Amino acid sequence: MRAKSRVQNLQCLQAGGIDLHDTIYFENGLSLVPVTGENVLVFIIQVKKLAEYEKLLDIVEMNEDLVKKVFLTEGTNVKGYVAYYEGKPVGFTIYFYNFSSFKCRKGLYLEDLYIDPEYRGKGFGKTILKHLAAVAVSEGCGRFEWAVLDWNTPAINFYKSLGAVPMDEWTIFRVEGEALRKLAEQ
């Protein structure tokens, strides 16, 4: 199948002619295949590769049932894609929509973007980010944002090179597990 350029993909998005659940092809040979019942295990393997890279493999709770429940439920706000190159899975991305009170518009939040180390430097990460930026623009999002681990200098430098700005004045808070249950019971 002939690859579509980013411009062609954006034109399809703007015209409403592309279903974001369909495979997306790029000129550099990369394709993004949505999470389906057929590639759930491949998707999980890719997520675990990221978790291993981030030294967080011990906290991964993802399993086939959870993936199907979250990604394959009609009307879900979460989108997941496996990245393929020459028929081989080489990474993945997950995003969802959040909301900005001040902008009074939804935003696109990139939860994860991972490319296998041996495929980095080929422009695949940039291709995915450019595509998601095009999705954000076409969907009328007020912003496109994500978090990065503070020790991941290569990623930080890469994001800055694309014009992303670190939000150093913000601190992310999280409540999970037992602390979440305790808070809910207060």
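Details
- Residues in the stretch 88-119 that are assigned to a loop (DSSP other than H, G, I, E, B), of a type in the set (D, E, K, R) and free of Cβ contacts under 8 Å to residues at least 60 places away in the same chain: Lys103 alone.
- Candidates Ile172, Ile156 - the one that is part of a helix (DSSP H, G or I) and either under 23 Å from Ala133 (Cβ atoms) or among the β-branched types (Val, Ile, Thr) (or both): Ile156
- In the set (1) buried (at least 16 other Cβ atoms within 10 Å of the Cβ); (2) modelled with pLDDT under 90; (3) of a type outside the set (A, V, I, L, M), Gly17 fails one condition alone, (1).
- Sub-7 Å Cβ pairs linking a first residue in the stretch 29-46 that is in contact (Cβ under 8 Å) with a residue 40 or more places away in the chain and surrounded by fewer than 18 Cβ atoms within 10 Å (Cβ to Cβ) to a second residue that is part of a strand (DSSP E or B) and of a type outside the set (Ser, Thr, Tyr), at least 6 apart or interchain, are Val42/Val82; Val42/Pro89, ordered by first then second residue.
- The set of residues in the stretch 70-79 being farther than 16 Å from Glu145 by Cα and in contact (Cβ under 8 Å) with a residue 24 or more places away in the chain consists of Phe71, Leu72.
- Here the condition is being in contact with an Asp or Glu (Cβ under 9 Å, 6 or more places away or on another chain), in a helix (DSSP H, G or I) and modelled with pLDDT of 90 or more; of Leu66, Leu41, it holds for Leu41 alone.
- Residue in the stretch 57-79 that is exposed (fewer than 12 other Cβ atoms within 10 Å of the Cβ), among the aliphatic types (A, V, I, L, M) and over 14 Å from the mean Cα position of the chain (by Cα) present: yes
- Some residue of the stretch 154-162 being closer than 17 Å to Lys79 by Cβ and in contact with a Leu (Cβ under 7 Å, 6 or more places away or on another chain): no
- Hits in the stretch 129-145 - residues which are surrounded by fewer than 17 Cβ atoms within 10 Å (Cβ to Cβ) and not in a loop (DSSP other than H, G, I, E, B): Lys130, Val137, Glu145
- Of the listed requirements (1) loosely packed, with under 14 Cβ neighbours inside 10 Å; (2) at negative phi, Tyr159 misses just one: (1).
- Residue within the stretch 166-174 that is under 26 Å from Asn28 (Cβ atoms) and touching a residue at least 12 places away in the same chain (Cβ under 8 Å) present: no
Residue by residue, here is whether (1) at pLDDT 95 or above; (2) closer than 18 Å to Val82 by Cα; (3) loosely packed, with under 14 Cβ neighbours inside 10 Å holds:
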| position | (1), (2), (3) |
| --- | --- |
| Cys104 | yes, no, yes |
| Leu110 | yes, yes, no |
| Thr127 | yes, yes, no |
| Leu149 | no, no, yes |
| Asn152 | no, no, yes |
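- Filtered residue count, the stretch 70-87, keeping only those that are part of a loop (DSSP other than H, G, I, E, B) and touching a Phe, Trp or Tyr at 6+ places or on another chain (Cβ under 8 Å): 1
- For the stretch 85-96, the condition of being among the acidic types (Asp, Glu), surrounded by 16 or more Cβ atoms within 10 Å (Cβ to Cβ) and under 19 Å from Phe26 (Cβ atoms) holds for none of the residues.
The values are calculated or read from the model by the stated rules, or taken from the named source; none is laboratory data. Bear in mind that the values here come from a model prediction, so they are computed numbers and not experimental data. As a convention, Cβ positions derive from the backbone with ideal geometry for all residues, glycine included, and neighbour counts pool all protein chains shown.
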